[in-house]
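A.B. asks: Here you go, one structure.
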């Protein structure tokens, strides 16, 4: 069984594929935070702005079989697209690798989907995922040291030497490197910080949460 918080067609709002038509499938659950506000202060990841608890969101639910979930993803794509070309699904969470498995990957490839994930990088990525975006969290053990994209949210608790951290990631095999300002009350200051760091270390590019800026999900 797969537990999905929400499933909907949209545009990718962040990173290398910003602006691309996609179906977002947000799995419930995360290994770095329970999702309960009462636990936030003691969680490894304390800044998450996403509700990934339960299965009551748009398009969400409990899917008893891989085919049911694959069909739901296909139907979400068809609802806004004229044909099968460029089918793209993004698995996110929470932490999608708690649920994404070989059977679902195979079923979606059979439907001609390109499969992307947004992961915290603490779990092994199954074979067949076409695009891997890693977003490391301070205080967690990063095991995904090779990916298509790294998206570092700045600043985080524990990021006392950001340039040293960036230099560490520059030595790893990430094809695209992004700094993304943390949202919230300090968003303006965080954006200014990210801009300065991208100018200073041009291997990195700025990623903004475009979906929030234009008012889509």
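A.B. asks: Given contacts defined as C-alpha pairs under 8 Å and at least six residues apart, what's the relative contact order of the chain, whole-number percent?
C.D. replies: 19
A.B. asks: Still on this structure: By how many degrees, 0 to 90 and rounded to 10, does the Cα axis of helix 66-78 deviate from the longest principal axis of the chain?
C.D. replies: 80
A.B. asks: Just want the ordering: 216, 150, from fewest to most Cβ atoms lying within 10 Å of their own Cβ.
C.D. replies: 216, 150
A.B. asks: Oh, and also: Let me know the shape class of the range 1-86, please: from the alpha-carbon gyration tensor, a ≥ b ≥ c as square roots of the eigenvalues, rounded when a/c is under 1.5, otherwise prolate if a/b is greater than b/c, or oblate.
C.D. replies: Cα axes put the range 1-86 in the oblate bin.
A.B. asks: Something else now. Go through 16-22, 164-170, 78-84 and give me the packing order, highest mean Cβ count within 10 Å leading.
C.D. replies: Highest mean packing first, the order is 16-22, 164-170, 78-84.
A.B. asks: How would you classify the range 49-130 from its alpha-carbon gyration tensor, with a ≥ b ≥ c the square roots of the eigenvalues: rounded for a/c under 1.5, else prolate if a/b is greater than b/c, otherwise oblate?
C.D. replies: Oblate shape, in that a/c is at least 1.5 and b/c is the bigger or equal ratio.
A.B. asks: Pick from 26, 205, 196: which residue has the top mean-square fluctuation in a GNM of the chain where Cα pairs under 10 Å get a spring?
C.D. replies: The residue with the greatest mean-square fluctuation here is 196.
A.B. asks: Divide the volume of the convex hull of the Cα atoms of the range 94-153 by its number of residues and quote the answer in cubic angstrom per residue.
C.D. replies: 79
A.B. asks: Moving on. For the range 89-191, just say rounded, prolate or oblate: build the C-alpha gyration tensor, square-root its eigenvalues into a ≥ b ≥ c, call rounded for a/c under 1.5, and beyond that prolate if a/b exceeds b/c, oblate if not.
C.D. replies: Taking the square roots of the gyration eigenvalues as a ≥ b ≥ c, the range 89-191 is prolate.
A.B. asks: Once the principal axes of the Cα atoms of the range 2-214 are found, what is the range along each, listed largest first in whole angstroms?
C.D. replies: Ordered largest first, the range 2-214 gives principal extents of 46, 39, 33 Å.
A.B. asks: Can you give me the C-alpha center-to-center distance between the range 83-133 and the range 18-39, rounded to a whole angstrom?
C.D. replies: The range 83-133 and the range 18-39 have Cα centres separated by 14 Å.
A.B. asks: To continue, here is another question. What's the angle, to the nearest 10 degrees (0 to 90), between helix 187-200's Cα axis and the longest principal axis of the chain?
C.D. replies: Result, in degrees: 70.
Just so you know, all these numbers are worked out from the coordinates, no wet-lab data involved. This is a predicted model, so every value here is computed, not measured. As a convention, Cβ positions derive from the backbone with ideal geometry for all residues, glycine included, and neighbour counts pool all protein chains shown.
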